Structure formats: C-alpha cells, structure tokens
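Notes to accompany the following structure.
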Amino acid sequence: MYRTKSFPSNKEGRDFVVGDIHGHFKLLTTALDKLDFDTELDRVFSVGDLIDRGPDSIDVLNWLEKPWFHAVRGNHEQMLIDCISGHGDIPRHIRNGGAWFYELQPPIQDELLKALQALPLIIEISLSSDQTIGIVHAEAPVIRSNDGWQEAKDAITGSFGEQHQRQALKTALYAREKIEQQDHTSIKGIDRLYVGHSSVPGVIHLGNVVYIDTGCSFSDGALSLVEIKTETIISLSMSQ
C-alpha cells in the first residue's frame, strides 16, 4: 500500500528537513547537536534514502521509532523492499551500498522490511501561515501536464488506477527529469516542495522545488538540513 501522511503545524518548536542520509546517522546526530535540537519541541523530516553506503544503516530502526523523526520512502528503501520481497535485483542493491543488509539475521531483515514498508511516499506539513510544505524523494509525481499537488497525492494512493499509480511511484522515487532539464516550473497547489535523490553541490531551488541532497556519503559531499520556517541551511561536510 502506498500512502501519504500529513502533519499539523509545529506551533512551539522548529521543523527541519534533511537530505539523503545514506546510513550516516552519527553525522546527523552531530548536526542536531550543533542546532541545539530539542526532542520535546522540534521535528526532523527526511526526504528518504536513509540507508545504504554509510556505516550506520542498521540504526534506521532506532531513528524510525523516535516520535520526532519522520521520513518518506526513497529508492534505496524501495530497492530493499523489492529484494526481500523477491521482486528485486540483489546484486544491483549490493553494488549500490546494500551489502550490510544481507549480513543481518532474517528476523532483523523482516523487522526492517516492515518498518520501511510503513513509510509514506509523500509527506505534507502545514505551516501556521496557511502555507503547505511537501516532501517527496525524487520528484513530485505530477503525471499529466495540468496536474498539481492534489493530483500527485491522488496518483500515489491509487485514485487514478493502478497503471497511473505505478507511473507516479516511479516518478516519486527515481525521476530526475526536472533537474536535468533545469525546469523552473512551480508545482501547483503546494508552497514549497523538498526533494533529495539528485546530488547537488549546494541546496538549490527550481521554481518552488528545493533540492537538498548535497552528496552525503561521497567524500566531497555534505549532509544538509533546512529549517523549514526560516529556510536557513545547515551543512556538515563528510570530512567533519
């Protein structure tokens, strides 16, 4: 089942969105410490690709249990789901940093599968200023030319049929067309959309879409977070 999840505005604390983590949860902890993150008031939203490549992928289970940490599913989560479900390409997953998973005991593999299957494909967050913020891993699953944010959500949840849903899922998890074409068209019906998947040297905007995967897990990359209300960017290089 593919779903979306909505969150009310955070009236007392701060909300951060973080780029692709790729198993670098210790680096994320360092970033949150620098921000004086308050686990009682603040929240973190992830654009997906929590796992693979980095040293702490197994920690994803602990992070997904934290009441203030929320994530959408990325293509690396989907690769793991496909492989353990018998539909995936295990050698391809291993080549892309997934070897750690196949060294785990089957009960832990099953626990990971259930946790990752539960992740929504789309998150939206209300701001107290009547704005709505969206989060999806790769691209908004806007399939038809006049579609906007509501149609993207409906496509993911299957309202337009199974074929449309498959196409929306592929776009949400894997697409790079917008950034490759440097398309500055804004997504209708959403004030700002945060995405990962496509590595960028620094946080960039294309219309109202914000790309925040700054190459965490590559030696010259960084892990970036954006405070949603102020749009303040915080980046920690991999050398730190």
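The values are calculated or read from the model by the stated rules, or taken from the named source; none is laboratory data. All of these numbers come straight from a predicted model, not from anything done at the bench. Counting neighbours? That spans all protein chains shown, and the Cβs are built from the backbone with ideal geometry, glycine included. Heads up: the accessible areas ignore ligands, DNA and RNA and are worked out on the full protein's heavy atoms, side chains in. Shrake-Rupley method; radii C 1.70, N 1.55, O 1.52, S 1.80 Å.
Summary table below
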quantity	calculated
Among the candidates 185, 214, 171, 157, residue that is within 18 Å of the chain's Cα centre (by Cα) and farther than 16 Å from residue 74 by Cβ	157
Test set (1) in contact with a Gly (Cβ under 6 Å, 6 or more places away or on another chain); (2) over 22 Å from residue 186 (Cβ atoms) - residue 150 fails condition number	(2)
Unique residue being out of contact with any Cys (no Cβ under 8 Å at 6 or more places or on another chain), of a type outside the set (A, V, I, L, M, F, W, C) and under 17 Å from residue 136 (Cβ atoms) when the list is 3, 14, 43	3
Selection from the range 206-219 of residues that are in contact with a Pro (Cβ under 9 Å, 6 or more places away or on another chain) and not hydroxyl-bearing (Ser, Thr, Tyr)	215
Residue 85 being surrounded by fewer than 22 Cβ atoms within 10 Å (Cβ to Cβ), under 26 Å from residue 206 (Cα atoms), small (Gly, Ala, Ser) and at pLDDT below 95	no
Residues located in the range 96-107, provided they are surrounded by fewer than 16 Cβ atoms within 10 Å (Cβ to Cβ) and under 22 Å from residue 217 (Cβ atoms)	96, 99, 102, 103, 104
Of all residues in the range 120-164 being touching a helix residue (DSSP H, G or I) at 6+ places or on another chain (Cβ under 6 Å) and in a helix (DSSP H, G or I), the one that is surrounded by the fewest Cβ atoms within 10 Å (Cβ to Cβ)	164
Every residue from the range 180-198 that is open to solvent by less than 20 Å² (accessible area, probe 1.4 Å) and either assigned to a loop (DSSP other than H, G, I, E, B) or touching a Lys or Arg at 6+ places or on another chain (Cβ under 7 Å) (or both)	190, 196, 197, 198
Where a residue in the range 217-240 is over 14 Å from residue 200 (Cα atoms) and its partner, wherever it lies, is among the aromatic types (Phe, Trp, Tyr) and in a loop (DSSP other than H, G, I, E, B), with Cβ under 8 Å and at least six apart	238/218
Members of the range 5-40 that are free of Cβ contacts under 8 Å to residues at least 60 places away in the same chain, within 20 Å of residue 52 (Cβ to Cβ) and open to solvent by less than 30 Å² (accessible area, probe 1.4 Å)	25
Among (1) among the aromatic types (Phe, Trp, Tyr); (2) touching a strand residue (DSSP E or B) at 6+ places or on another chain (Cβ under 6 Å); (3) surrounded by fewer than 18 Cβ atoms within 10 Å (Cβ to Cβ) - the single one residue 211 does not satisfy	(3)
